[in-house]
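Single-structure report; data block below.
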Amino acid sequence: MIMTVTLTILCLLLILCFVTTSIIPTPVGACASLIGGFLLLSFIYGFLGAHFAAVIQIIVYAGAIMVVFVFVVMLLNVPTQDLPKVKISLADILSILLSIPVLILVSIKILNWQAPMIDSQNVEMKDIARKMFIDYLWPFELISFLLLTALVAAITVAHKNKGSRYMLKEGSDHGR
Amino acid sequence: MDAKICIICGLILFFVGFFALLYRKNIIFMMLGIEMMLNAANLVFAAGTQIYHNADGQIMIFFIMAIAACEAAVGLAMLIWLSRNRKIMDTDHLTLLRG
Amino acid sequence: MTIIFSIIVFAMVLIVGFHVAPLMTWVERRQCAFIQRRVGPNRVGIFGFTLFGLGQPIADAVKLLFKEDGNPSYVQPFFYFIAPLIPSVTGLAALMVIPFGAQDTFFGTVFSPQVLSVGAGFLLFFAMSSMSVYGVTLAGWSSNNKYSLLGGLRASAQMISYELGMGLSLIPIVLIYQTLDLQQIVYAQSHSYLFGFLPDWGIFRAPVSFFIFLITIFAETNRLPFDLAEGEAELIAGFLVEYGGMRWSLFFLGEYAMMFAFSGLISCLFLGGYSLPYLTHESLIHIVQPILGSFGSIAVFLIEFATLIVKMSIIMLIFVQVRFTVPRFRYDQLMKLGWVTILPLALINLFVTALVLGYSSFK
Amino acid sequence: MIYSPYYNVLVVFIALIGIITLISLLAIFLGPKKENQAKKEAYECGIPSPHTAQQKLSVKFYLVAILFILFDIEVIFLYLWALNFQELGWFGIIEIFLFLGILLVGYLYILQTKALDWES
């Protein structure tokens with residue numbers, strides 16, 4: 001019973017964090033609340049029994065990917081977003097009014113759904129990795145190709161002297 | 001019962017990320033929206049692992065994280081090149097391909 | 001009942017964690033004085049008892065508490081306030097991951113002296129150290145100052161590139177002990193002997209990864225050979241330029257707590273953790289049992305707590321000794337070392353360990 | 001009530017954040033409040049510079065962070081393999097050597113293009 005209460009609180013906080021990242025004008029504030037969201041998400045993974053995913057979420061997402069976002073936001077002095085003034089029209093109100101009951105109906109359907117019990121003992125960390133290296137051999141090897149292509153792409157694009165042969169001269173305003 | 005709450009939370013998070021993608025003009029915020037959508041999918045996979053007691057869900061989480069990392073790496077590299085050469089990051093000004 | 005015990009252990013570790021920072025300032029100044037053949041701090045004292053200057057850290061702590069907290073107007077207020085919290089919280093939380101004694105029962109209730117024992121054991125440690133990059137980055141950026149921005153950036157780039165070496169260097173340990181849980185690793189180290197007489201510590205099994213891990217720790221906590229962020233001439237105090245008083249000391253609380261936590265991790269993975277070289281937990285209980293009866297497990301826990309603290313302080317002395325002997329790296333040498341020497345070395349070490357273990361243990 | 005170890009983590013984090021914010025708030029209230037002009041400006045040394053510090057920095061910092069993400073994913077998959085080293089046996093070793101070999105090509109590409117040679 002206490003587990004469901006903690007999970008609901010964590011989920012509500014998580015939704016709050018993600019909503020602030022999409023609403024807040026300042027870029028660093030958006031990145032900060034997204035990092036907070038990732039910490040809450042790793043707690044939720046922990047309570048759901050996905051021990052490895054909880055730690056990986058912090059190391060990879062909050063600790064590596066968001067660092068590049070914070071670097072880019074800090075150093076390219078991204079302007080504080082002057083958010084467009086949203087004129088609430090009739091269509092907006094109607095869409096919100098219609099979407100909330102749909103959400104409620106879907107969640108009731110999910111809550112009443114009975115999962116078919118396949119096997120009861122819960123997932124151990126070791127047999128995740130064993131299953132991955134035996135059953136999912138091909139996707140695992142293709143991931144290294146994906147990482148290789150991302151590596152080469154990132155270097156050629158971001159590298160100053162070799163990659164950017166198409167650098168435009170200062171004056172030309174292709175961007176218009 | 002508690003895993004289903006996370007499925008509903010994943011559902012809401014996906015649409016919050018999708019809203020961020022549409023609502024924002026700057027590319028960085030749109031990429032944050034994409035990260036939110038990927039994490040919402042991760043959350044539903046974790047909930048699925050707990051409901052079905054099956055390890056496939058967690059393996060999918062690792063693959064999604066690898067893909068999200070590559071996407072973020074290449075996307076931000078392009079963003080850096082863009083902001084250094086074009087000096088703009090708003091999607092409204094990037095009209096070169098529109099012809 | 002176990003909750004009460006874990007709260008007690010949490011309080012003990014917290015007290016130790018908070019006392020690391022002032023004590024370490026005292027140790028560093030005494031060590032520096034000892035090396036340069038001069039007397040360290042010995043002025044502060046009550047009624048003439050200076051006690052080798054141990055009053056000095058207490059005086060520093062009280063002074064920092066009462067210094068004016070300069071909240072300059074030109075900084076980003078929210079991130080300026082959060083930046084010192086991140087390293088101190090992650091440093092102290094990393095200290096909680098270390099097991100300070102074996103799990104035991106006291107009057108029937110299970111008593112676990114490891115506060116945070118999570119499914120993925122010491123990976124939680126890497127999560128903490130990867131979060132402490134944000135403290136440095138935000139401090140550099142939020143104080144809106146040319147020097148602090150560059151210092152914060154360099155420090156975080158350095159911490160990032162050495163985190164890779166740290167992650168890779170510990171994989172041979174996981175290969176050997178086949179588990180991430182620190183309790184089981186320390187149990188395996190104290191219960192088997194290498195070639196008969198040598199205690200089966202991780203340092204004898206995987207010496208190269210001990211060496212690489214020690215180097216990456218210096219870089220991860222911005223200690224001296226890798227002191228680029230705060231120590232360089234033109235960067236003055238790097239990301240700490242705009243901080244003063246208690247905020248500045250919170251950064252150092254975090255740095256020393258992270259250093260103490262890392263030395264705890266080294267002693268647990270490589271130096272046998274809380275176990276004495278030839279005495280296992282059961283033999284200690286066997287010795288203490290007739291004298292103390294059922295309070296034996298508490299006495300054994302205190303003995304193990306003390307041995308682990310002694311091992312951690314020996315490693316802290318290595319930190320301080322290296323600080324006053326090794327000159328500082330230039331920034332490009334530092335990044336080159338991180339990417340071009342440590343990464344391949346860790347990979348080769350991983351290959352060799354995998355092959356050797358493969359030949360020896362696979363049927 | 002299933003006691004999951006993450007309650008410890010949650011309680012420890014909340015307690016630590018509470019204690020350390022308490023200390024910094026204590027320091028704010030205990031300290032004296034003397035305002036003067038020198039404390040208003042940012043720390044300056046040498047040629048006085050414009051107020052904000054946002055200026056262009058070399059691309060190396062982004063490149064390090066981007067390469068860190070990609071190699072961090074590699075470290076994570078290595079940990080997954082290291083946990084099942086005994087069960088996977090030689091099959092696992094060949095698999096991981098393939099995985100690392102391909103990424104070694106990427107690493108050699110970094111060395112060859114001197115992407116990480118630091119001049120600044």
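Derivation of every value follows stated rules applied to the coordinates shown; laboratory data play no part. No experiment lies behind these values; they were computed from the predicted model shown. Cβ atoms come from the backbone with ideal geometry, glycine included; neighbour counts cover every protein chain shown.
If I stretch the segment between residue D:113 and residue D:22 completely, what's the gain in nm (0.36 nm per residue apart, minus their alpha carbon distance), one decimal? Write down the numbers at each step before the final one.
Numbers: separation 91, 0.36 × 91 = 32.76 nm, distance 5.01 nm.
So the chain would gain 27.8 nm between residue D:113 and residue D:22.
How far apart, in nm, are the 7 Å Cα→Cβ label points at residue C:73 and residue C:198?
Using points 7 Å along Cα→Cβ, the separation is 6.6 nm.
In whole Å, how far is the Cα centre of segment C:55-87 from that of segment C:1-38?
Measuring centre to centre over Cα atoms gives 20 Å.
Based solely on its DSSP helices, what 222 nm [θ] is calculated for chain B when runs of n ≥ 4 H residues each add -39,500 (n - 2.57) and the sum is averaged over all residues, nearest 500 deg cm²/dmol?
-28000 deg cm²/dmol
Which residues' amide hydrogens lie under 5 Å from the amide hydrogen of residue C:111, considering only partners 5 or more residues apart or on another chain, with H built in the peptide plane?
So residue C:111 has HN proximity to C:104, C:105, C:106.
What do you get for the angle between helix B:27-52 and the principal long axis of chain B? Use alpha-carbon atoms, 0 to 90 degrees, nearest ten.
Tilt relative to chain B: about 10 degrees.
Once the Cα atoms of helix B:56-85 and of chain B are each reduced to a long axis, what angle between those two axes, in degrees from 0 to 90 to the nearest 10, is obtained?
For B:56-85 against chain B, the angle is about 10 degrees.
Taking only Cα atoms, what is the 0 to 90° angle, nearest 10, from helix B:2-23's long axis to the longest principal axis of chain B?
Here the helix axis deviates by roughly 10 degrees.
For n ≥ 4 DSSP H runs only, could you compute -39500 (n - 2.57) per run for chain C, divide by its residues and tell me the 222 nm figure to the nearest 500?
-22000 deg cm²/dmol
If one computes the Cα centroid of segment C:107-156 and of segment C:318-351, what distance in Å separates the two points?
Result: 21 Å between the Cα centres.
Evaluate E = 1/(1 + (r/R0)^6) for residue B:91 and residue A:109, where r is the Cβ-Cβ distance and R0 equals 41 Å; express this FRET efficiency to the nearest 0.05. Before the final figure, lay out each step's value.
Details: r = 37 Å, r/R0 = 0.89.
The computed FRET efficiency comes out at 0.65.
By its C-alpha gyration tensor, with a ≥ b ≥ c as the square roots of the eigenvalues, how is chain C shaped: rounded for a/c under 1.5, else prolate for a/b larger than b/c, else oblate? List each step's numbers first, then the result.
On the way: a/c = 1.79, a/b = 1.28, b/c = 1.40.
Since a/c reaches 1.5 but b/c is at least a/b, the shape of chain C is classed as oblate.
Hey, which of these cross-link pairs are over 28 Å Cα-Cα: C:63/D:34; A:126/C:336; A:131/D:114; B:87/C:146; B:87/D:60? Walk me through the intermediate numbers first.
Numbers: C:63/D:34 17 Å; A:126/C:336 36 Å; A:131/D:114 39 Å; B:87/C:146 21 Å; B:87/D:60 18 Å.
Pairs exceeding the cut-off: A:126/C:336; A:131/D:114.
So which helices of chain C fit the span-like rule, where a helix is a whole DSSP H run, its Cα atoms reach 18 Å or more along the axis, and its mean Kyte-Doolittle is at least 1.0?
Flagged H segments are C:2-35, C:77-96, C:123-142, C:207-220, C:245-270, C:296-323, C:343-361.
Measuring from a point 7 Å past the Cα of residue C:362 along Cα-to-C-beta, which residues in segment D:83-103 have an amide N at less than 17 Å?
Zone members listed by number: D:83-101.
If I take all pairs of Cα atoms in the protein assembly as shown, what percentage of them are more than 43 Å from each other?
Numbers: 78663 of 286903 pairs.
Across the protein assembly as shown, Cα pairs with separations above 43 Å total 27 percent.
Going by how many other beta carbons lie within 10 Å of each one, how would you line up A:17, B:9, fewest first? Before the final figure, lay out each step's value.
Working: A:17 22, B:9 25.
Neighbour counts put them in this order, fewest first: A:17, B:9.
Can you list residues whose amide H is under 5 Å from residue C:279's amide H, if they're 5+ apart or on another chain and H is modeled 1.01 Å from N?
Counting only residues 5 or more places away or on other chains, the set is empty.
Top mean-square fluctuation among C:155, C:120, C:102, Gaussian network model of chain C, C-alpha springs under 10 Å?
Among C:155, C:120, C:102, the largest mean-square fluctuation in the Gaussian network model of chain C belongs to C:120.
With labels modelled as points extended 7 Å from the Cα through the Cβ direction, what inter-label distance (nm, one decimal) is found for residue C:324 paired with residue C:298?
4.0 nm
Charges on Cβ only, +1 for Lys and Arg, -1 for Asp and Glu, centred on the Cα centroid of chain C; of C:268, C:41, C:352, which one is farthest towards the dipole's positive end?
Value computed over the given set: C:41.
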